[in-house]
Amino acid sequence: MEILIAERIKSLMQAHNLSQVALAKAVGIKQNTISAWLLKKKEPCITSLWLLADYFKVDIDYLVGRKDY
């Protein structure tokens, strides 16, 4: 199973018209960390996934590609 975190975050950012800087400020994560996720250099830890899921009002399973909406 392919992990889709980067694609899902990009899609959610586009849907909410958010830049990396705006998302970073909104969830309290450094912009360079978000950049590394989007470039697939790193993956978010569970705490970051919770923050993203709460912010975008989605399940963590959606963020990692285990569920579609």
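Counting only C-alpha contacts under 8 Å and six or more residues apart, can you give the relative contact order of the range 5-64 as a whole percent?
Values: 44 pairs, mean separation 22.6, N = 60.
Here the relative contact order equals 38 percent.
Taking the chain as the reference, fit the longest principal axis to its C-alpha atoms, fit the long axis of helix 5-15 to the helix C-alpha atoms, and give the angle between the two in degrees, 0 to 90, nearest 10.
Rounded to the nearest ten degrees, it is 60.
Rounded to the nearest 10 degrees, what's the angle between the helix 46-56 long axis and the longest principal axis of the chain, both from Cα atoms, 0 to 90?
With rounding to tens, the tilt is 80 degrees.
Stick to the Cα atoms of the chain, pair each with every other, and give me the Kirkwood hydrodynamic radius in Å at one decimal. If you can, show how the numbers build up before the last one.
On the way: mean 1/r = 0.0847 Å⁻¹.
Hydrodynamic radius (Kirkwood, Cα only) of the chain equals 11.8 Å.
Out of the trypsin sites (Lys or Arg not before Pro) in the chain, which ones are loop residues according to DSSP with at most 16 other C-beta atoms within 10 Å? Before the final figure, lay out the partial values.
Working: sites: ARG8, LYS10, LYS25, LYS30, LYS40, LYS41, LYS42, LYS57, ARG66, LYS67; in loops: LYS30, LYS40, LYS41, LYS42, LYS57, ARG66, LYS67.
Here the trypsin sites (Lys or Arg not before Pro) that fit, given the DSSP loop and packing criteria, are LYS30, LYS40, LYS41, LYS42, LYS57, ARG66, LYS67.
How big is the charge dipole of the chain about its Cα centre, in debye rounded to the nearest 20, if each Lys and Arg gets +1 on its Cβ and each Asp and Glu gets -1 on its Cβ? Before the final figure, lay out the partial values.
Working: 10 positive and 7 negative charges, 55 e Å.
I would put it at about 260 debye.
A short reminder: the numbers here are calculations on the coordinates, not readings from a lab. Keep in mind the model is a prediction, meaning the values are calculated, not measured. Neighbour counts are summed over all protein chains in view; Cβ atoms, including those assigned to glycine, are modelled from backbone coordinates with ideal geometry.
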